[in-house]
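Colleague: Would you mind keeping the following structure in view while I ask a few things?
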């Protein structure tokens, strides 16, 4: 599994995850939307932590800089 998520991308993923989780946990969103946002938050956290995004691999995108590709 080649890393394809860069630093800035990771930070954006973490921030979005925190916002989604805050919306769900505070009850601001409910029902199906809460489930979708919760799942999205977990996926974003996981892909950020692993520095790998399967969707990026499929479409050929790489946000990791060449100097840190290892």
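Colleague: As a test of the formula, what do you get for the chain when each DSSP H run with n ≥ 4 contributes -39,500 (n - 2.57) and the sum is divided by the residue count, at 222 nm and rounded to the nearest 500 deg cm²/dmol? Present the calculation step by step, with values, prior to reporting the outcome.
Modeller: Numbers: 3 runs with 44 residues, N = 70.
It lands at -20500 deg cm²/dmol.
Colleague: Mind pulling the angle between the C-alpha long axis of helix 7-25 and the longest principal axis of the chain? Nearest 10 degrees, somewhere in 0 to 90.
Modeller: Compared with the principal axis, the helix lies near 10 degrees.
Colleague: Using only Cα atoms, tell me the angle between helix 32-50 and the longest principal axis of the chain; keep it within 0 to 90° and round to the nearest 10.
Modeller: In the chain, helix 32-50 runs at an angle near 30 degrees to the longest axis.
Colleague: Give me the one-decimal nm value for the distance between modelled label points at residue 65 and residue 46, 7 Å along each residue's Cα-to-Cβ direction.
Modeller: Here the modelled spin labels are 3.0 nm apart.
Colleague: Which option, (1) 0.93; (2) 1.07; (3) 1.12, is the value of Rg/Rh (Cα atoms, Kirkwood Rh) that was calculated from these coordinates?
Modeller: (2)
Colleague: Calculated FRET efficiency, residue 33 and residue 1, Cβ-Cβ r, R0 30 Å, to nearest 0.05? Intermediate values should be presented prior to the final figure.
Modeller: Values: r = 31 Å, r/R0 = 1.04.
Here the calculated transfer efficiency is 0.45.
Each value in this text was obtained by applying a stated rule to the coordinates, not by laboratory testing. Just so we're clear, the structure is a prediction, and the values are computed from it rather than from any experiment. FYI the Cβ positions are ideal-geometry reconstructions off the backbone, even for glycines, and counts take in every protein chain you see.
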